[in-house]
Amino acid sequence: MSEYRMTKSTGMVVTLHWSKQGKWADRKRDWGNLASKTCHAERVGDDVWLFPKSIAHTDIHEWLDERLTSADRAIVVFPHGSKGGASSMSVHTYNA
């Protein structure tokens with residue numbers, strides 16, 4: 001397992017598990033194109049993405065709802081708290 005040191009502020013981390021049912025490769029490719037080209041997210045693992053703060057949580061929720069099937073899963077983690085730094089993390093799961 002590789003170590004990743006975050007040197008910039010991150011809006012959220014999204015981890016995906018594709019079920020390999022249906023056209024999962026198309027869904028995975030579509031998500032990758034959206035994340036990297038539209039949102040300027042950084043891929044740090046097979047299916048782990050770092051999204052900038054400029055992307056709204058509601059946008060991520062909408063994009064996951066559009067692309068995940070009932071057998072796919074995702075976890076979204078984002079910091080929240082004071083302006084000086086996050087005091088805690090929120091975790092949202094999809095189909096888990």
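Readers should treat all values here as calculations from the given coordinates under stated rules, not as data from a laboratory. Not measured: the values here are computed from a predicted model. Cβ sites come from the backbone with ideal geometry, for glycine too, and all protein chains shown count toward neighbours.
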- Message: Please go through the range 45-83 and give me each residue that is surrounded by fewer than 15 Cβ atoms within 10 Å (Cβ to Cβ) and of a type in the set (Lys, Arg), ordered by number.
- Response: Lys53, Lys83
- Message: Just checking, does the range 18-38 include any residue being within 10 Å of the chain's Cα centre (by Cα) and over 16 Å from Glu66 (Cα atoms)?
- Response: no
- Message: Considering only residues that are of a type in the set (Val, Ile, Thr) and either over 14 Å from Asp30 (Cα atoms) or touching a strand residue (DSSP E or B) at 6+ places or on another chain (Cβ under 8 Å) (or both), which ones fall in the range 41-78?
- Response: Val44, Val48, Ile55, Thr58, Ile60, Ile75, Val76, Val77
